[in-house]
Structure formats: structure tokens, C-alpha cells
1. Answer with yes or no whether residue 554 is surrounded by fewer than 24 Cβ atoms within 10 Å (Cβ to Cβ) and either over 26 Å from residue 704 (Cα atoms) or in contact with a strand residue (DSSP E or B) (Cβ under 8 Å, 6 or more places away or on another chain) (or both).
2. In the range 457-473, how many are closer than 17 Å to residue 509 by Cβ and surrounded by 24 or more Cβ atoms within 10 Å (Cβ to Cβ)?
3. So in the range 72-94, with the set limited to residues that are closer than 27 Å to residue 392 by Cβ and in contact with a helix residue (DSSP H, G or I) (Cβ under 8 Å, 6 or more places away or on another chain), which one is surrounded by the fewest Cβ atoms within 10 Å (Cβ to Cβ)?
4. Sort out which residues of the range 99-134 are in contact with a helix residue (DSSP H, G or I) (Cβ under 6 Å, 6 or more places away or on another chain) and not in a helix (DSSP H, G or I), and write them in order of number.
5. Going residue by residue through the range 423-438, is there one that turns out to be part of a strand (DSSP E or B), touching a strand residue (DSSP E or B) at 6+ places or on another chain (Cβ under 9 Å), within 30 Å of residue 487 (Cβ to Cβ) and free of Cβ contacts under 8 Å to residues at least 60 places away in the same chain?
6. Can you tell me which residue among 73, 58 is at pLDDT 70 or above and part of a loop (DSSP other than H, G, I, E, B)?
7. Tell me, which strands (runs of 3 or more DSSP E) wholly within the range 208-252 include 3 or more residues that are in contact with a helix residue (DSSP H, G or I) (Cβ under 6 Å, 6 or more places away or on another chain)?
């Protein structure tokens, strides 16, 4: 990687930090940076703690610990004496600030190494000049420059270092990973103590002087607007300051119509909301229901797909000539995100200046949406990225940011908008449901020679809804000689969005469940069938794309998980081992689950073994382990408990009673192992999720002979 930057884009000395050194990285070409296009990451004051900027949203994935660790490692700072400082949202200064797609680490890892290494090099140069010694004689040790027996903290040389020419980052020497002292060690999250002591401030904790609390009531049927409301009666309720109608916009991620209530406290606002009576306009979404979609999907099953997606070879002819044909239909529902922190946002609007405090995963689209809704310049909007109490993809959308800013402008005062749990569910950007009508052909030796998938999903105007599509390179494309995927799109108006491991969270269940069926149809061991299915180590797809995958890396995690679980060992009656693997978001993961099924149909997961490959380096094993175990439990819960259904255009579920979370006594032991082959470092938020549901379904089949092809699993069919 080559990174060119001008001195102006790289360094600045700030009086605000007492003449300290601020080091930044700009993606722009040399000498082309505009004033202010600084990406400042390191601040070294003359005295006190080194400050490292954490510029990515923290949603519990630990990125405000792991990325600063990368800088601190190359800087050779004393981690115990480093202060981590969250930044505001500022893409011009900090680059891509997104918590999503498992992209933070692969996007920033190498850049942050060079930023830290460059800062260290400048400190050393300044020290060599001040001490009058050759640069080669100097070393560093945990935030100090060392020359023989002489030592001095970095801060002593910071002012002088800021006057030196900026290093060429393409030529800055970074450490041999064998010499890492911080990277690869278990480190607690920098906010852990604050979290467990109840002192961590989340978005919902934001408080501004003179602010009001807002409730925003919207129809459960999207695209319905307010026709009338009993505003006078609501305004007369205790603690209520105002109530007014918010007009709807046609923006997909803009402003939904509804009634805003402003009150002295959240309790007063929600109490007044309970007394609200609204008449809504008709919406075309009211005709949509789960029952209607199921009927459409059943009718589409017997027809050719309406939309070709991918084709290789001649699947129809290969199926016709196959020694054995296997067919199955897999189905999965809409599901919600359910972050524990309800959706919230605090906003202050003064003329054309907007300030927002938001628990967001993706602030820049929110900035643009607010600018459009309020008619203000985007550069007039300041976004404070507060700690997020769970996102899972929901807070990639910023509808709540637009709502809070619009209501705050109408109020003429700062406003904190807080959704209820029912709002979280009924107004969610849901993970889309779908159906896969699959047929495969096996030759006489049991090898899969043909694969046909009629995929039925959701969208409008012949296009998939957000996160509802399937790609031409998605696994197992490229693995089977004669391969075909076609799609039929059912009409949908309700919003959809990205949920942990988008697309793959469902496709993993489908492909790995069906491959397990093929293994049994071929009379083969499920592990060996998968190894044979993957074939020799090779790259499938365009190596320059995010969708290409390495079958050798797939097979390695598959073999590791199987070895960890003792694949093939003898098990008690009605107990089985199930295996599954998947590639997503540049990560390779395989799971083995041991599950037992009682004669009453009760399923107990005894243990889950996970093998993962996200490249050559695990920056913080503590955070990595947390990510994998969290993904596994998240997926385990969803495949057992979560389904969103519609009637008359509205979501029928309301709260955790309808969509329960996994209980502590339902959480099995999870053993995790990481392989670290010499490939680029990638992320961990998504890829451990997709293989969980199929591994459980395959374990249940091994235990009972009953194949579960629909999510969430219906265990009533498992009774002996």
C-alpha cells in the first residue's frame, strides 16, 4: 500500500495541547490536501498521558480498544498510560467511520500501523537532534526514548518533533509482528470499568441544558400519514409542553409521518402518548401480510424464476442425467435487530446549525439525511458519536437522527427522542425473509454435479429490497459445474436493512443444511462430503472482489472445528454432532454443535466448537473471543426464537415477550480457535454467525433423523 501526503495534511502543532505533537493520516494525494483535511490520531503532550483518537463507532465490538492498540504498538507507547479519546463524526478528517460489514479492522489496520510507526520515528529524530547522538543508537521502550542508560518520555521531544519534515508513510518501517508486545495480548475494553460500574454514557444518557423529552408516535403500517389527532387533549396532560403533527416524506430513510409529543420527562411523554388518538390515512402496505406472501411464494414455486441471477454450465441437463436427484425447500422469516438500548437521539437546532448526539453505526449518511430534511448545509451539522448499546446493523440507518433534528427545530429547544421497545420492533429495518427451492444432482460416485436454486425474496419494481438479494458469486457459485440461481421478487413496502452477516445469516443455513442432505443422500460422512465438495485449494471468484473465497482456508477451519469436537466419536442415543461452515465478510468459520433431543422434543445444546480464520493477526484476543461468542449466541437465539409476521400491513410482534432473548441457562459452552495463515487482517463482527443455525439443524438430524428446513426451528416435530 502506498500512502502519499503533504506535510500540511500530516502534521500540525496545536497550542490547545500545549505544543504537543498531533499526527494524522490523509488518503489524499501529496500536496493536494485542503486546509482542515487532517486525520489526527496521536497527541503527545509535553507532560501527561499520550492520547490516541478512536474514530470509529463503538457498538460493543471493541474497536475503540483494538484500533488504538495497533497505533500504540507501533508507537511503542505504554498502553497502561494511554488515554483513548473518542472523536466526533468527521469523514473529511478521519476517513470512513462505520461500524458495519466487519470493515473497521481491514480498512484501518495497516494505516494505523504506519501512523504509529511514523510518530515514533519523528520522536526519535527529535531526540537524536537534542541529544546529539546518531539516530541508530536510539531505542524506545513504552513511551520513552532510550540511549544507553539515559531515558526521557516522548513528551520531552514532542514540540521539536512537530517541526520536522513529515515521513514518507510508504517508507516508514513497521515492526516485525514477531516483536509485537501489545498486539496479540488479551486486553480488557478501555470502557469496561465504566460499563460494569454503571458510569458508561450511552446515547440514551445524553443530557443538554433546557432539553425536552420527545415521544414520536407513528403508524404500525408504514406510509400511513396522520389524518387527525386529539392534540388539544394531549397538550392538556401533566408535564406536556407541546404536541404536533410531523408530515411524512417520501424518503426511504427520511421522515415518517406521525405525532410528536414534547414533555418534561420521558415518562410524561410516553404517558401522554398512551392517551393519543390518531386517525391514519390509507396505505398500500395495509394489504400485505405473512399469509399473503406465503401464498405468493407457494404459487411461484412451480413457475420459472422471474429474474436470472447466475448460471454456469447446463443445470437442467445435468439434473436430468444425474444418478440421484435431491430436492428441498428452505424457508426463513423476517427478524428484528433488538439492541438492548432502545433507539434514541438528542438534537439541538439553532438557525442553520445542528448538533446531534447519537448512538449511530454510520454517521455520514445521517448527516446528509438531516441536511436534506432540514434544508441546511451538511457542514453545519455536528454529530457526536456516543457509545451504542447494541446495533447489529439497525443503527446503520439514521431515521431516528432525522426525527430528532426535525422535532428539535420545531420545538425551538434541545430535544431527546426516545423510542419504546414496541417502536424498536414495529419500526425496524428488518432482516428480510425468503424461500429457496433447491434441487441438486449427484453422479454415481455421490459427487454433486448440478445445483439449481429458485430464490424467492422481497422488493419492488423488479429489484431486491435492501439486504434481500442474492449475488451471482455467493457460495456455492463456482463450486458446482452446472449451477443456476434465479429469483422471484414479492412486493414489499416495509423497510428492510442489514442484520449481522447480511444475507449470509440466512444463506448459511440454506446451503449448509442442503449440503448435509446431499451428504446423507450420497451415503457419505458429512465432514468428508464437505471436504470433497470444496475440492483442492483454489480461489473461487474474482480475487479483487470481496466475494471471492479460498477453498483451502474453508477446508482448514472445517478440519479444525471437527478435530476440536472429536468428530466421529460415539454418542448417546438421540444425541448428534452437526457441522457447518461459511465464508462471509472476508472471514472463514466452521462450527460443530453437539445437541441432544429428549423424547418430549426438547433440544439441549451441550457445546459448540468454533474455528475461525480472519487473517494473520488477532489484534486483541479478548475482544475477538467476545465477538465470536456473541455472534454464536446471537445466531443460536435467532434460529430458535425469532420470527416477525405481518397482518394487515403491520408487524404483529411487540416486545421481548414475543421475541425472547436467549436465557443464561440456554447458553452452552463455546470453544473458539483461530487459525492465522499469512493473509490480510479482516474483521470479526459478522463471519461467525452464519454457520450456527445449520450446524444445529444438522446435529438435530444426526440425533433424530428429522430434517428442519424452516427458521425458527419448530421442535414439536422432534417428539419421539
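The values are calculated or read from the model by the stated rules, or taken from the named source; none is laboratory data. Computed from a predicted model, the values in this text were never measured in an experiment. Heads up, the Cβs are rebuilt from the backbone with ideal geometry, glycines too, and the neighbour counts pull from every protein chain shown.
1. So residue 554 does not fit the description; no.
2. The number of residues fulfilling the criteria is 2.
3. Filtering the range 72-94 for residues that are closer than 27 Å to residue 392 by Cβ and in contact with a helix residue (DSSP H, G or I) (Cβ under 8 Å, 6 or more places away or on another chain), the one surrounded by the fewest Cβ atoms within 10 Å (Cβ to Cβ) comes out as 91.
4. 100
5. Initially, the range 423-438 is screened for residues part of a strand (DSSP E or B), giving 430-431, 434-438.
Next cut, touching a strand residue (DSSP E or B) at 6+ places or on another chain (Cβ under 9 Å) only: 430-431, 434-438.
Filter again for within 30 Å of residue 487 (Cβ to Cβ), leaving 430-431, 434-438.
Applying the additional criterion that residues be free of Cβ contacts under 8 Å to residues at least 60 places away in the same chain yields none.
No; the residues of the range 423-438 include none that is part of a strand (DSSP E or B), touching a strand residue (DSSP E or B) at 6+ places or on another chain (Cβ under 9 Å), within 30 Å of residue 487 (Cβ to Cβ) and free of Cβ contacts under 8 Å to residues at least 60 places away in the same chain.
6. 58
7. 212-218
Residues checked against (1) touching a helix residue (DSSP H, G or I) at 6+ places or on another chain (Cβ under 9 Å); (2) farther than 30 Å from residue 299 by Cα; (3) at pLDDT 95 or above:
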residue: 407; (1), (2), (3): no, yes, yes
residue: 410; (1), (2), (3): no, yes, yes
residue: 415; (1), (2), (3): yes, yes, yes
residue: 433; (1), (2), (3): yes, no, yes
residue: 436; (1), (2), (3): yes, no, yes
residue: 447; (1), (2), (3): yes, yes, yes
residue: 451; (1), (2), (3): yes, no, yes
residue: 458; (1), (2), (3): yes, no, yes
